[in-house]
1. Quick one: net charge around TYR244, please, counting Lys, Arg +1 and Asp, Glu -1 for every other residue with C-beta under 13 Å from its C-beta.
2. Add +1 for every Lys or Arg and -1 for every Asp or Glu among the other residues with Cβ under 9 Å from the Cβ of ALA72, and state the total.
3. Given the DSSP H assignment, sum -39500 (n - 2.57) over each helix run of at least 4 residues in the chain and divide by its residue total; what's the result at 222 nm in deg cm²/dmol, nearest 500?
4. What is the dipole size for the chain, taken about its Cα centre, with +1 at each Lys and Arg Cβ and -1 at each Asp and Glu Cβ, in debye to the nearest 20?
5. Considering only Cα-Cα distances, which of the following residue pairs are longer than 28 Å: LYS92/LYS205; LYS10/LYS53; LYS10/LYS205; LYS42/LYS245?
6. With a sphere of radius 13 Å drawn around the Cβ of ILE63, what net charge do the other residues whose Cβ falls strictly inside it have (Lys, Arg +1; Asp, Glu -1)?
7. Using only the alpha-carbon atoms, how far is helix 230-239 inclined from the longest principal axis of the chain? Give it as 0 to 90 degrees, nearest 10.
8. Just one of (i) 18.5, 56; (ii) 17.2, 49; (iii) 19.4, 65 is Rg and Dmax of the Cα atoms in Å calculated from these coordinates, so which is it?
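The values are calculated or read from the model by the stated rules, or taken from the named source; none is laboratory data. In this text the structure is predicted, and so the values were computed from the model without any measurement. Because the Cβ atoms are built from the backbone with ideal geometry, glycine has one as well, and the counts that use them run over all protein chains shown. Protein only, heavy atoms only, side chains kept; ligands, DNA and RNA dropped before computing areas. Shrake-Rupley method; radii C 1.70, N 1.55, O 1.52, S 1.80 Å.
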Amino acid sequence: MVALFRRNLKIYFSNITGVIMSCLGALISFFIYIGFLQNNLKSNWQNLPHVTKMLDLWMIAGIVAVSGITTAFQALGQQVSDRETRANADFKLTGISQFAQNFAYILSGTVVSFFMQIITFIVMALYFSLVDHVTIPQKALLPGLLFILLGALGATLLDEVIAFFMHSSTTFSRFSAVLGAAAGFAVATYLPYGILVSGAQNLVKLVPSSYEAAALRGFLLKPTLATFPINVKRHLINYLGIQYKINNNRLNNMFVLLLMIAILILVIILLSFTTDRRRNK
């Protein structure tokens, strides 16, 4: 399993062009924001102080989460390719179980997702620092890394559920484009969470990476939100998707952390059940 994990990482990172394209794909949302969305959102929030800083930090959190979903899916493309070429059958001859194979792909996808999220975060932080003079709160870095790691694992597991049923690289490539467009809406990045209808908000809550985005927004925007009156702060927390509500109970970061872990466990159980059913057929 360790050898397969290393092999997957080596294949992914040895393809420099693929890594660059994957990074650019993750940053498409960033380019859309600075090219089109930033000025439009500013005009809607022009009555708020620190609007540029708030928007930039809010967008960093969302796009980092989006990049986690898209790059993890790209990394899992190797699994689909191995299935298409029947290389996975050769792996079984070495004594590695199907579950161990899946775990190796998930682990390599998680590592890729984690590092690509870090790269995305650094690129955006540097840009906004130079252009908009926005600084990242230092207290947000350590807890942010924890949620990025959990988000990477959650995104990879969710992507694995999808990739598990794919047997063609062509199908995988086509769906990858769809996923890249849908991910921004799935974590409430292209549109603020507060303007979504209740059904769409419930769908957002089903995506593990949306909790990563919410936590990152909270860490990054905490110093800025502290300067607002309490009623404005509460409105922004809901509108920007900083804290979600379940049964009218607002979720704090500790509860979000436990909820993400619970969702990850459920997805792992689902994958194990699906693997067992496929093996028994």
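1. On the way: positive: LYS205, ARG217, LYS245, ARG250; negative: GLU212.
Here the charged neighbours net out to +3.
2. On the way: positive: none; negative: ASP159, GLU160.
The answer is -2.
3. Values: 14 runs with 213 residues, N = 281.
Counting only the DSSP helices, I get -25000 deg cm²/dmol.
4. On the way: 21 positive and 9 negative charges, 84 e Å.
Result for the chain is approximately 400 debye, rounded to the nearest 20.
5. On the way: LYS92/LYS205 37 Å; LYS10/LYS53 38 Å; LYS10/LYS205 34 Å; LYS42/LYS245 26 Å.
With Cα atoms farther than 28 Å apart: LYS92/LYS205; LYS10/LYS53; LYS10/LYS205.
6. Details: positive: ARG217; negative: ASP56, GLU212.
Result for the local shell: -1.
7. Between the helix axis and the principal axis of the chain, the angle is about 30 degrees.
8. The value matching this structure is (iii).
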